[in-house]
1. Using R₀ = 45 Å, calculate the FRET efficiency as 1/(1 + (r/R₀)^6) where r is the Cβ-Cβ separation of R76 and D391; round to 0.05.
2. I want to verify a result. In a Gaussian network model of the chain, Cα cutoff 10 Å, which of these has the top mean-square fluctuation: A285, A329, A121?
3. Looking only at I336, I153, I31, which one moves most when the chain is put into a Gaussian network model with springs between Cα atoms under 10 Å?
4. Given the chain, what percent of its DSSP beta bridges are antiparallel, to the nearest 5?
5. Please work out the FRET efficiency for the pair A57 and D29, using the Cβ-Cβ distance as r and a Förster radius of 25 Å; give the result to the nearest 0.05.
6. Let me check I've understood the local charge: for Q94, count other residues with C-beta under 10 angstrom from its C-beta, Lys and Arg +1, Asp and Glu -1. What total comes out?
7. Just add up the charged neighbours of L353: K/R +1, D/E -1, any other residue whose Cβ is under 12 Å from the Cβ of L353.
8. Hey, any idea what % of the stretch 134-276's accessible area is carbon plus sulfur with a 1.4 Å probe?
Amino acid sequence: MPEIRAFRALRFDPEKVGDVGQVVCPPYDVIGPELQKTLLARHPANAVRIDLPEIQAGEGPDDRYRRASRTLSSWRIDGTLRTDGLPSVYVYEQTYCVPGSDQTRTQRGFFARLRLEDLVAGSGILPHERTLAAPKEDRYKLMWATGVNTSPIVGLYADSTGRSTKAMAVIASERPDTDVVDDDGVRHRLWAVPMDGPESEIAKTLISAAGREPVTIADGHHRYETALRYRDERRANKSGETDPSTDYVMMLFLEVTNQKLTVLPTHRVVRGLGEEGVRDLLDHARWLFDVRPVATRAELEAAFASVDVPGGEGRFGIWTRSGGAVLTARRADFAISLRDGGPALKRLDVTLLQAALGRLCAIDAAAIAGGRLAYSKSVTEALDWVDSARDGADAAFLLEPTPVAEIAAVATEGDVMPQKSTYFYPKALTGLIINPHEW
């Protein structure tokens, strides 16, 4: 079972930096070039400088990682970052408006250290995503240079007793240590809960609840595999140390049975079908789907506007410049295309759509690598691409969210999901707390 520990986090000192909201940032993998520039200009101590250091003119390929290391060291020396005095877990609350709706949700979890385990059968850590070499190499070089986890991996655990949910609610009734609102209007609140103090039983309750059953990685697969590589190389270079901090990684633990998490669907846009391919697409869709034509684009948008649909029912939208429809999969007709993976993987809407794109649009791995498939989290954007024929866009396929329980089921069976299957929202802020590979 997962082994979870409290730790002494590095945190920005408000007396030194002022508004902490000015120095935190989104995770590196959702920061584009323009946002990076904005964050760099926002504050001289913004965490983007250590999590996604810019490439400066005249530098070698790895100089930015060394610069991030020097920046981190200087912030620790001058007090910009301070180390908490006691090992703690850190209760974290996010209040947000679900994108595309007026519905507000609040989710709570806690940060702690997780002992790394190899991702093999019987492990207490369950992945669901296939990783890529380039992002892992980038994160490895940064971790080796800085010796810290700048942003957390996100893990899912189930606590049917509700004790951890109640424990976090008790903490959330108190005044937070940190309270900031990000650029997307998400409110982030954080509380340190020391293992040695009046609320130590709450900290122990959280650790115990999350450690009873395997934890499913929701977000941060590249960071987790990078941490494994870092652990192994540090072990090879260090002998005799018992229970080293490099055997652990920082994780945000989210409970899944007593709160509603938000998983956004990622819609698919197909390029390069040609006039004949577009003309035949709706007719050929009947090979696999029950097809209900829609009269207007607005009708299709309305059919996929709700944030409360459970997902997982094999329901899709399709839009071309010739019109659109709501598609309902006839699962029996997919059987011949679904040869690999266990029952949970074969049930997924994204798996069905992947098979359908292959049969209807000749979209295979080579076609994806060649850029024939694009992705959007916005229904409106996906349909706009088609209507404007942007970059050769000919058809949009709309999805419903992947249920959290289905993600856990796929991970439990040892399978990985198709690319761009899940997007957990909102993201945990980078720099809110930092895990140093010390103590």
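The values are calculated or read from the model by the stated rules, or taken from the named source; none is laboratory data. Because the structure is predicted, anything quoted here is derived from the model rather than measured. With ideal geometry, Cβ positions are generated from the backbone for all residues, glycine too; neighbour counts draw on all protein chains shown. Just the protein is used for accessible areas: all its heavy atoms, side chains included, with ligands, DNA and RNA removed. Shrake-Rupley method; radii C 1.70, N 1.55, O 1.52, S 1.80 Å.
1. Working: r = 45 Å, r/R0 = 1.00.
In this case the efficiency is close to 0.50.
2. Highest fluctuation of the listed residues: A121.
3. I336
4. Details: 66 of 73 bridges.
Rounded to the nearest five, the antiparallel share is 90 percent.
5. Numbers: r = 24 Å, r/R0 = 0.97.
For R0 = 25 Å, the calculated efficiency reads 0.55.
6. On the way: positive: R105, R108, R187, R189, K427; negative: E93, D182.
Net of charged neighbours comes to +3.
7. Working: positive: R268, R315, R359, K420; negative: D349, E400.
Charge balance near L353 sits at +2.
8. On the way: 2790 of 6020 Å².
Ligands and nucleic acids excluded, carbon and sulfur give 46 percent.
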